[in-house]
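Take a look at the structure set out below.
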Amino acid sequence: MTTLETPVPAGHRSLRQRGNAGRRTTSDKVFNAVLTIAMVIAMVPLFVIIGYVTYRGIGVIGWDFFTLEEPPYRRAGGGYVAGFFGTLYIMGLAILMAVPLGIATAIYVVEYGQGKLAMAIRFFSDVMTGIPSIFVGLFVYGLMVSGWISVGFGTFVAAVAIAIIMLPIVTRSAEEMLKLVPDEWRNASYGLGAGKAQTILKTVLPAAAPGLITGSMLAIARGIGETAPLILTALGSVFIVTTLQGDPQAAVPLQIYNGARQPFEEGLNRAFGGALSLFVLVLIMVVAARIIGARANKRK
């Protein structure tokens with residue numbers, strides 16, 4: 001037996017649809033308002049920190065701050081030239097260790113690795129990304145500073161610790177970028193007679209280069225502000241140290257840490273100036289990474 005439904009008049013259907021549309025619009029506005037409020041609440045601590053660090057540190061920022069050595073904490077003036085030199089020295093070595101190795105590992109995982117080894121590399125990369133940096137510093141300290149190798153404090157062991165922190169970030173970001181290269185490009189390269197190595201070097205890496213640069217810069221931004229590993233490896237200094245190993249090395253995070261621990265106002269202000277300098281440096285690197293990534297997406 002067929003049941004006949006009473007047709008809804010066009011006017012009633014229109015009113016019902018308008019009512020549903022009004023409710024959806026109201027829900028969207030409420031949801032957007034809640035998300036906006038949550039975003040503002042989350043941003044307030046960030047702006048407070050940035051504002052306070054800028055307020056305390058902007059007064060010491062100047063040419064002398066980047067060219068002079070740090071005086072005793074109670075004295076005004078001076079700067080963090082030793083820390084900036086040491087940070088650049090350590091980071092330069094860490095980049096040479098972490099970036100090529102991380103990209104090479106990602107190439108293996110994406111282009112060659114299909115078995116348990118590739119799965120193990122992915123797993124340990126994810127685990128290493130979340131390990132507290134103090135553990136890395138303690139590992140390098142026990143292995144190289146006073147343990148099995150026992151070469152003492154210095155620039156090289158500090159760079160090793162920072163490179164270990166950077167390595168999983170470079171590896172995972174490079175892996176994701178290499179996966180975004182279309183397989184059709186690889187097949188076209190093979191069709192033209194190129195081998196595996198030629199395809200990777202001439203096709204895959206150039207296509208993924210902007211993403212690889214972005215991931216590497218984000219890893220550098222993470223490593224440049226680390227303090228805990230440097231306490232156990234570089235140890236710190238207020239003088240410019242050029243030796244590769246055997247002498248304690250300065251670094252901006254260490255000078256900030258030491259300056260913030262003492263009660264003298266001038267030393268504290270220099271610590272805030274160092275923190276502001278690091279913040280600006282990291283901000284520049286992150287913005288540059290975003291710009292490179294955005295330009296790469298536009299080309300695609």
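Before moving on, here are some points about what is shown:
- Acute angle (nearest 10 degrees) that the helix 81-107 long axis makes with the longest principal axis of the chain, alpha-carbon atoms: 50
- Against the main long axis of the alpha-carbon atoms of the chain, helix 155-179 sits at an angle near 20°.
- Region 37-122: C-alpha gyration tensor shape, a/c 1.5 cut-off, then a/b vs b/c: oblate
- Its relative contact order, with pairs defined as Cα atoms under 8 Å and 6+ residues apart, puts the chain at 26 percent.
- Listed candidates (1) 6, 28, 34, 23, 9, 1; (2) 6, 24, 28, 21, 13, 6, 1, 0; (3) 6, 20, 23, 20, 13, 8, 5, 3, 2, 0 - label of the one calculated as P(r) over Cα pairs in 10 Å bins from 0, in percent: (3)
- Difference of contour (0.36 nm per residue) and Cα-Cα distance, Arg75 to Thr25: 11.8 nm
- From its DSSP helices (H runs of at least four residues, each -39,500 (n - 2.57)), the chain gives a residue-normalised ellipticity at 222 nm of -23500 deg cm²/dmol.
- Axis angle, to the nearest 10 degrees, between helix 116-130 and the longest C-alpha principal axis of the chain: 70 degrees.
- The string of couplings for region 228-237 from the Karplus curve (6.51, -1.76, 1.60, θ = phi - 60°) is 4, x, 6, 4, 8, 10, 7, 6, x, 6 Hz, one whole number per residue in order, with x for Gly and Pro.
- Formal net charge of residues neighbouring Thr233 (Cβ-Cβ distance under 15 Å; K, R +1; D, E -1): -2
- Pairwise FRET efficiency - Thr129 versus Thr36, Cβ, R0 = 35 Å, nearest 0.05: 0.70
Computed from the coordinates by the stated procedures, all read-outs in this text should not be read as laboratory data. None of these values were measured; they are calculated from a predicted model. Please note: Cβ atoms are built from the backbone with ideal geometry, for glycine as well, and neighbour counts cover all protein chains shown.
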